[in-house]
Amino acid sequence: MSLNAKRLKRETTDPWWVRAIIISLSIAFVALMLVLPLGVVFFEAFRKGVSVYLAAFQDRNAIRAITMTCLAAGIAVPLNLVFGIAASWAIAKFNFRGKGLLIALIDLPFAISPVISGLVYILVFGMQGWLGKWLEGYGIQVIFAVPGIVLATIFVTFPFVARELIPLMQEQGSEEEWAAISLGANGFQTFWRVTLPNIKWGVLYGVLLCNARAMGEFGAVSVVSSNIRGGTNTLPLHIDALYNDYNSVAAFAMASILASLGVITLIGKTLLERKLEQESNSSLESPTTEGTS
Amino acid sequence: MNSRTRAALPGFGVTMGYTLLYLSLIVLIPLSALFLKAATMDWNDFYDTITSRRVQAAYRLTFGASLIAALINTFFGALVAWSIVRYRFVGRQLLDAIIDLPFAMPTAVSGIALMAIYGPTGLIGKNLIPFGIKTAISPLGIVIALTFIGLPFVVRTLQPALEELDGEAEQAAASLGASRWQTFCRVIVPSLLPSLLTGFTLAFARALGEYGSVIFVAGNIPMKTEIASLLIISKLDDADVPGAAAIAVVMLVSTLVILLLVQGIQWWSQRVTGRA
């Protein structure tokens, strides 16, 4: 019996040398492909010392690029948050035909190349586009201006909150909302007091990823921006401009802000995933425990 | 839950109306502008644009480099996912967390970082030039950038499938006398195949549309290292909006077909394994 069990154990676990090879290859690949590029950003940024690094932020164009990035994310994230909550309420709490299609359409911007995401707005608001000439008559410029940057940012971050909340709210069902309604709460009270506390970590998770992409988007905004320095440059566009001017330290100094934001996003994401897993486990009757061997 | 005969929860009209309005304004109407633009083009112009030598070279490069990068990612992604799910070692959770870095790091930042490593004066790049290997300003540089951005797709698709493969089938195979190698070939690989294919396809589709990280390392030499996304931008710079739309429509339709293929794979694997 114990001999048999031993044999089974041997046959279903990999020998130590297989484990050693697979683990070392995995770590080496991730270190080379992911960790090295991250490290290089900070190495290059501080290459000529802290004072040169800090001097890069004294530039007026740098400040404007940071402001522009915060403005674009500051508009895109709340708008996509409101949309994400509305869409997940409609999709998770009600049955209707074409639900699968609607979810697929919401996911669509993820499938579209960033350059094409910018291009579609040029086709609508550009001078050769549908509305460009008409809007110009009112003195409104969208393309090569701030509205274009904001629209492109909204487009590329469109699905983030919705795709996080739809499965979460579907999993949670509507029992608690029914209870609230039957006790006399109105729709808004039900959402605010019952639904929102249940989905708060999911909302935060979606917002975190949405914000990271909004602040880091390059392709889509580069299509709709004029590339006039200090005009409509976001931080990633400013990095591109500095790099093309062979101002490497300043480019990497700007990049270090976004890389730090990326690291913070990763940490936040890992913590929130743990939180979400705990909550879904505690709401289930028998949490599936992972083997520890 | 809604099958019970009681009034629906409130808010369907408002939330659904807003969802459809916002979706139409931000995504559907602008996207339809792309297809309408391409549709108003004369067929011969459209055909000439997408079959011109420069555009063909860009398509070949984009698809070829994306394919190679997705294959590299499928191999190493499988190793990484296997390590994270099956083994316990120091730094495992860190490895797991860092996989998503390409999602969190802006593409322009990745682009200049990769150039600092693989460029002619870069850490690795300068050491390989004496051997005649150009790791940037070459198709190889494009493959490296596309490998960087595609890795999480394979790992994150494989992880749940590996977790589901909880060892019971392997134990059964072993108790029936299969060797570890036989179990791997006959039990493990077939049950992971749908996820491997899905991960590969997602990485491939993402690589097709990538722009930011590639343009820094590609060198962007027409006919040689110019990807399709960049060609769209150079058409726009030449004020050739229809030309840009034509190239974009081909890329977009290809990506959508590939992603439909993913749906097909998932549908097929659910039918084969009988899982919900």
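The values are calculated or read from the model by the stated rules, or taken from the named source; none is laboratory data. All values derive from a computational prediction rather than experimental measurement. Because the Cβ atoms are built from the backbone with ideal geometry, glycine has one as well, and the counts that use them run over all protein chains shown.
Quick one: would you say B:Arg206 is closer than 30 Å to A:Val223 by Cβ and among the basic types (Lys, Arg)? Yes: the conditions hold for B:Arg206. Of the residues contained in segment B:219-233, one or more are found to be over 20 Å from the mean Cα position of the chain (by Cα) and of a type in the set (Lys, Arg). Let me spell it out: the conditions are (1) surrounded by 23 or more Cβ atoms within 10 Å (Cβ to Cβ); (2) within 14 Å of B:Ala136 (Cα to Cα); (3) in contact with a Ser or Thr (Cβ under 8 Å, 6 or more places away or on another chain), and B:Phe216 meets all of them except one. Which number is the exception? The one condition B:Phe216 does not meet is (3). Tallying residues that are under 13 Å from B:Thr15 (Cα atoms) and either of a type in the set (Gly, Ala, Ser) or free of Cβ contacts under 8 Å to residues at least 60 places away in the same chain (or both) within segment A:68-87 yields 4.
Taken over segment A:228-281, the criterion of being of a type in the set (Lys, Arg) and in a helix (DSSP H, G or I) is satisfied by A:Lys269, A:Arg274, A:Lys275. Here A:Ser88 qualifies as hydroxyl-bearing (Ser, Thr, Tyr), under 24 Å from B:Ala8 (Cβ atoms) and modelled with pLDDT of 95 or more. If the condition is being of a type in the set (Ser, Thr, Tyr) and within 12 Å of another protein chain (Cβ to nearest Cβ), then segment A:44-85 contributes only A:Thr69.
Yes or no, residue by residue, for (1) among the β-branched types (Val, Ile, Thr); (2) assigned by TED's automatic domain parsing to the domain that holds A:Gly219; (3) modelled with pLDDT of 90 or more:
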position	(1), (2), (3)
A:Ile112	yes, yes, yes
A:Val115	yes, yes, yes
A:Tyr121	no, yes, yes
A:Met127	no, yes, no
A:Trp130	no, yes, no
A:Leu165	no, yes, yes
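In segment A:149-203, the qualifying residues are those that are in a helix (DSSP H, G or I) and touching a Lys or Arg at 6+ places or on another chain (Cβ under 6 Å), and the one that is nearest to the other protein chains (Cβ to nearest Cβ) is A:Thr157.
Considering segment A:115-148, and only residues there that are away from chain B (no Cβ under 11 Å) and not in a loop (DSSP other than H, G, I, E, B), the residue that is surrounded by the most Cβ atoms within 10 Å (Cβ to Cβ) turns out to be A:Gly148. On inspection, B:Arg206 does not qualify as farther than 28 Å from B:Val250 by Cβ and not polar (S, T, N, Q).
Okay, residues lined up against (1) assigned to a helix (DSSP H, G or I); (2) closer than 20 Å to B:Thr49 by Cβ:
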{"site": "B:Phe184", "(1), (2)": "yes, no"}
{"site": "B:Ser195", "(1), (2)": "yes, no"}
{"site": "B:Phe216", "(1), (2)": "yes, no"}
{"site": "B:Thr225", "(1), (2)": "no, no"}
{"site": "B:Pro242", "(1), (2)": "yes, yes"}
{"site": "B:Thr255", "(1), (2)": "yes, yes"}
{"site": "B:Leu259", "(1), (2)": "yes, no"}
{"site": "B:Gln270", "(1), (2)": "yes, no"}
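Look at A:Ala90 and say whether it is more than 27 Å from B:Phe153 (Cβ to Cβ), at the interface with another protein chain (Cβ under 10 Å from one of its Cβ atoms) and either touching a residue at least 24 places away in the same chain (Cβ under 8 Å) or assigned to a helix (DSSP H, G or I) (or both). It is true that A:Ala90 is more than 27 Å from B:Phe153 (Cβ to Cβ), at the interface with another protein chain (Cβ under 10 Å from one of its Cβ atoms) and either touching a residue at least 24 places away in the same chain (Cβ under 8 Å) or assigned to a helix (DSSP H, G or I) (or both). Of the residues making up segment A:96-114, those that are outside any loop (DSSP other than H, G, I, E, B) and facing chain B (nearest Cβ under 7 Å) number 6. Would segment B:107-116 turn up any residue that is of a type in the set (A, V, I, L, M) and under 15 Å from the mean Cα position of the chain (by Cα)? The answer is no, given that none of the residues of segment B:107-116 is of a type in the set (A, V, I, L, M) and under 15 Å from the mean Cα position of the chain (by Cα). Filtering A:Ala255, A:Ala214, A:Ala251, A:Ala180 for residues that are out of contact with any Gly (no Cβ under 8 Å at 6 or more places or on another chain), modelled with pLDDT under 95 and hydrophobic (A, V, I, L, M, F, W, C) leaves a single hit, A:Ala180.
Residues that are surrounded by 12 or more Cβ atoms within 10 Å (Cβ to Cβ) and within 19 Å of A:Gly126 (Cβ to Cβ): does segment B:263-273 have at least one? Looking through segment B:263-273, none of the residues is surrounded by 12 or more Cβ atoms within 10 Å (Cβ to Cβ) and within 19 Å of A:Gly126 (Cβ to Cβ). Of all residues in segment A:149-193, those satisfying the criterion of being buried (at least 18 other Cβ atoms within 10 Å of the Cβ) and of a type in the set (S, T, N, Q) are A:Thr153, A:Thr157, A:Gln172, A:Ser174, A:Thr190. Restricting segment A:254-270 to residues that are aliphatic (A, V, I, L, M) and under 11 Å from B:Phe103 (Cα atoms), the residue that is surrounded by the fewest Cβ atoms within 10 Å (Cβ to Cβ) is A:Val263. Among the residues of segment B:12-39, just one is over 26 Å from the mean Cα position of the chain (by Cα) and either in contact (Cβ under 8 Å) with a residue 60 or more places away in the chain or on the phi > 0 side of the Ramachandran plot (or both), namely B:Lys37. With respect to the conditions (1) more than 21 Å from B:Gly212 (Cβ to Cβ); (2) away from every other protein chain (no Cβ under 12 Å); (3) free of Cβ contacts under 8 Å to residues at least 60 places away in the same chain, B:Leu71 lacks only one, and its number is (3). Let me confirm something: among B:Ser229, B:Ser195, which residue is crowded, with 20+ Cβ neighbours inside 10 Å, under 30 Å from B:Ala58 (Cα atoms), within 10 Å of another protein chain (Cβ to nearest Cβ) and not aliphatic (A, V, I, L, M)? When all the criteria are applied, what remains is B:Ser229. Name the single residue that is farthest from the chain's Cα centre (by Cα) among those in segment A:14-30 being assigned to a helix (DSSP H, G or I) and within 8 Å of chain B (Cβ to nearest Cβ). In this case the residue turns out to be A:Arg19.
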